[in-house]
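*Asks:* Following this message is one structure expressed as structure tokens.
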């Protein structure tokens, strides 16, 4: 099976000597919903920049659906749609022209370009704003406009670089729904995000990059299975002066009515409730302290930084 | 991309470029027309009669081709430099860079926008000149071909300036300190035969002189320079600037890091 995206030994050294990528290799399978994660400055945007021809690579190869970007740029580019991190459309053009013009750059005739622009602007709830100058759209609308623009030539591989940054939760959820739909329809999606809940909820596979190196590349399920401990916050009905003594669990008092409990993965949570009941404490609500993926991400990045420091 | 798709991409960029300046015609088309009308009034109507004849023609008649040419040069240049730099500044040049559109199509699209604005302003200025003097046509083919070549040449120059520009100051430095002096010294207001020998020879290093004189030949049938030399210089510069612009786009200078 030809990979939707195949990156081999990708390297980038910027003018001034900063090494952004130190030989990154990974594949993304067709139809995948793939997360590319990493802290700020890890090299994610450099990878996306090279794939989308906005950054010149220093070494390595990029192939999109089997077509080498350096050897067959026009064919490879035609497969790709990009939603960049920052707004990069003409602010002085009506929304519909931003989308229709993009179709034109892919050789789609004007009438068909406007038909597709209508389809995607309607899908993304922007049809009513089609005549509005792009600069007058709200932040969330601008993000959706970039998604409509990226889809207008119906790419087989869609890359979204932090598409939901600064977007309210309602719009974020509707964007998730839309992305799931186009992925289900066959579009391969690569997503970078700082909302790890987003990656956990949407993506089947995850690669983590840090300081220009790939430190993890596996399925989301497998990655989450490596978690040994989970931390829960328990809201209790009476104010406490100190955490109750427990032999089997580590309990901390966050505030008089909130307890923090660490539970081993696979262990029944009932024993904790039994113990708390014996102390006359009634739990009224409970939540995860941190997102599970967030916890793993931090562990991987911190461990990676530690091992690199020792090397 | 097949040829039909390339044609669609070219039409898209060219239309976008033309709509860009047409939407703001009060800023792009009207001011040069007003400025040139003032030249006609002051130099042609008020001062011209005191100057007398130039190369056997009334002064107003003599300066009209040069002033039309000046409007075409400045507007072709200004259109492409501001549009290209604006697309870099707002980063929407990336829309084209990530697409399969070849670099030469992107270049031709921008050039078409510059040529369109140059010609529209040129036609508007010509119409205004009719209020002051009847149109004198010696050779329509020479007029059209030279104005077209000039618009292409200065659109290319504007694009190169746009590629190198890093700030809005950078897009006004060349027009102010290079283009305007060369245009004024390019024989718009005088025949170089009036200059001392040294300055006559020095003027030959100014490419605008060749275009103004060939264009004036189209109107009046007189020129300080041979037509063949004017066409050779214009076409030669176009080829050099086209290849250089294409090289800049291919390497992504100022666009890709």
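*Asks:* Going by the structure shown, is residue B:64 more than 14 Å from chain A (Cβ to nearest Cβ), surrounded by 24 or more Cβ atoms within 10 Å (Cβ to Cβ), under 18 Å from the mean Cα position of the chain (by Cα) and over 23 Å from residue B:156 (Cβ atoms)?
*Replies:* yes
*Asks:* Additional query: Taking the options B:218, B:236, name whichever one is assigned to a helix (DSSP H, G or I) and either within 17 Å of residue B:71 (Cβ to Cβ) or more than 17 Å from the chain's Cα centre (by Cα) (or both).
*Replies:* Of B:218, B:236, the one residue that is assigned to a helix (DSSP H, G or I) and either within 17 Å of residue B:71 (Cβ to Cβ) or more than 17 Å from the chain's Cα centre (by Cα) (or both) is B:218.
*Asks:* Residue by residue through region A:69-91, note down the ones that are more than 10 Å from every other protein chain (Cβ to nearest Cβ) and either surrounded by fewer than 15 Cβ atoms within 10 Å (Cβ to Cβ) or within 13 Å of residue B:99 (Cβ to Cβ) (or both).
*Replies:* Hits for region A:69-91 are A:70, A:71.
*Asks:* Sort through B:7, B:107 and tell me the only one that's part of a helix (DSSP H, G or I) and within 30 Å of residue A:85 (Cα to Cα).
*Replies:* Only one candidate passes the filter, namely B:107.
*Asks:* Within region A:232-242, identify whether any single residue is over 30 Å from residue A:9 (Cβ atoms), free of Cβ contacts under 8 Å to residues at least 40 places away in the same chain and in a strand (DSSP E or B), and answer yes or no.
*Replies:* Looking through region A:232-242, none of the residues is over 30 Å from residue A:9 (Cβ atoms), free of Cβ contacts under 8 Å to residues at least 40 places away in the same chain and in a strand (DSSP E or B).
*Asks:* Out of everything in region A:1-24 that is within 13 Å of chain B (Cβ to nearest Cβ) and outside any strand (DSSP E or B), what residue ends up being surrounded by the most Cβ atoms within 10 Å (Cβ to Cβ)?
*Replies:* A:14
*Asks:* When the residues of region B:84-104 are narrowed to those that are more than 9 Å from chain A (Cβ to nearest Cβ) and within 25 Å of residue A:79 (Cβ to Cβ), which ends up farthest from the chain's Cα centre (by Cα)?
*Replies:* As a first pass, look at region B:84-104 and keep what is more than 9 Å from chain A (Cβ to nearest Cβ): B:84-85, B:88-89, B:103-104.
Then drop every residue that is not within 25 Å of residue A:79 (Cβ to Cβ), which leaves B:103-104.
Values: B:103: 22, B:104: 20 Å.
If we take residues in region B:84-104 being more than 9 Å from chain A (Cβ to nearest Cβ) and within 25 Å of residue A:79 (Cβ to Cβ), then B:103 is farthest from the chain's Cα centre (by Cα).
*Asks:* Right, next: For a quick check of your reading: which helices (runs of 4 or more DSSP H) sit entirely within region A:77-171 and have at least 2 residues that are under 25 Å from residue A:32 (Cβ atoms) and within 22 Å of the chain's Cα centre (by Cα)?
*Replies:* In region A:77-171, the matching helices (runs of 4 or more DSSP H) lie at A:110-123, A:139-151.
*Asks:* Which residues, counting only those in region B:173-211, are more than 15 Å from the chain's Cα centre (by Cα) and part of a helix (DSSP H, G or I)?
*Replies:* Scanning region B:173-211 gives B:173, B:177, B:192, B:193, B:194, B:197, B:198, B:199, B:200, B:201, B:202, B:203.
*Asks:* Can you pull out the residues in region B:27-44 that are under 13 Å from residue B:124 (Cβ atoms) and assigned to a helix (DSSP H, G or I)?
*Replies:* B:28, B:30, B:31, B:32, B:33, B:34, B:35, B:36, B:37, B:40
*Asks:* In this structure, is residue A:94 closer than 27 Å to residue A:184 by Cβ, surrounded by fewer than 24 Cβ atoms within 10 Å (Cβ to Cβ) and touching a strand residue (DSSP E or B) at 6+ places or on another chain (Cβ under 8 Å)?
*Replies:* Here the answer is no, as residue A:94 does not meet what is asked.
*Asks:* Test residue B:220 against the criterion of being touching a strand residue (DSSP E or B) at 6+ places or on another chain (Cβ under 6 Å) and touching a residue at least 60 places away in the same chain (Cβ under 8 Å), and give yes or no. Can you show your working first?
*Replies:* Working: touching a strand residue (DSSP E or B) at 6+ places or on another chain (Cβ under 6 Å): yes; touching a residue at least 60 places away in the same chain (Cβ under 8 Å): yes.
Answer is yes for this residue.
*Asks:* Here is a further query. Go through the residues of region B:2-11 one by one and say whether even a single one is closer than 22 Å to residue B:154 by Cα, out of contact with any strand residue (DSSP E or B) (no Cβ under 6 Å at 6 or more places or on another chain) and within 14 Å of another protein chain (Cβ to nearest Cβ).
*Replies:* Let us first name the residues in region B:2-11 that are closer than 22 Å to residue B:154 by Cα, namely B:10-11.
Among the residues that remain, those that are also out of contact with any strand residue (DSSP E or B) (no Cβ under 6 Å at 6 or more places or on another chain) are: B:10-11.
If we keep only those that are within 14 Å of another protein chain (Cβ to nearest Cβ) as well, we get B:10-11.
Within region B:2-11 (the criterion being closer than 22 Å to residue B:154 by Cα, out of contact with any strand residue (DSSP E or B) (no Cβ under 6 Å at 6 or more places or on another chain) and within 14 Å of another protein chain (Cβ to nearest Cβ)), the answer is yes, since at least one residue qualifies.
*Asks:* In the list B:81, B:128, which residue meets the criterion of being more than 14 Å from chain A (Cβ to nearest Cβ) and either under 30 Å from residue A:48 (Cα atoms) or free of Cβ contacts under 8 Å to residues at least 60 places away in the same chain (or both)?
*Replies:* Numbers: B:128 fails: either under 30 Å from residue A:48 (Cα atoms) or free of Cβ contacts under 8 Å to residues at least 60 places away in the same chain (or both).
Testing whether each residue is more than 14 Å from chain A (Cβ to nearest Cβ) and either under 30 Å from residue A:48 (Cα atoms) or free of Cβ contacts under 8 Å to residues at least 60 places away in the same chain (or both) leaves just B:81.
*Asks:* Taking region A:184-198 only, how many residues are out of contact with any helix residue (DSSP H, G or I) (no Cβ under 6 Å at 6 or more places or on another chain), touching a residue at least 12 places away in the same chain (Cβ under 8 Å) and part of a helix (DSSP H, G or I)?
*Replies:* 2
*Asks:* Residue B:223 versus (1) crowded, with 17+ Cβ neighbours inside 10 Å; (2) part of a helix (DSSP H, G or I): which is the lone unmet condition?
*Replies:* (2) is the only condition that residue B:223 fails.
*Asks:* Which residue, of A:70, A:76, A:103, is more than 25 Å from residue A:21 (Cα to Cα) and either without any contact (Cβ under 8 Å) to a residue 12 or more places away in the chain or assigned by TED's automatic domain parsing to the domain that holds residue A:150 (or both)?
*Replies:* Matching residue, one of A:70, A:76, A:103: A:103.
*Asks:* In region B:139-172, what residues are assigned to a loop (DSSP other than H, G, I, E, B) and crowded, with 18+ Cβ neighbours inside 10 Å?
*Replies:* B:165, the sole residue that qualifies.
*Asks:* On the basis of being out of contact with any helix residue (DSSP H, G or I) (no Cβ under 7 Å at 6 or more places or on another chain) and at the interface with another protein chain (Cβ under 7 Å from one of its Cβ atoms), does residue A:111 make the cut?
*Replies:* Here the answer is no, as residue A:111 does not meet what is asked.
*Asks:* Output the residues belonging to region B:19-60 that are within 14 Å of chain A (Cβ to nearest Cβ) and buried (at least 18 other Cβ atoms within 10 Å of the Cβ).
*Replies:* Selection gives B:20, B:21, B:28.
The values are calculated or read from the model by the stated rules, or taken from the named source; none is laboratory data. Quantities reported herein were computed from a predicted structural model and do not represent experimental measurements. Cβ sites come from the backbone with ideal geometry, for glycine too, and all protein chains shown count toward neighbours.
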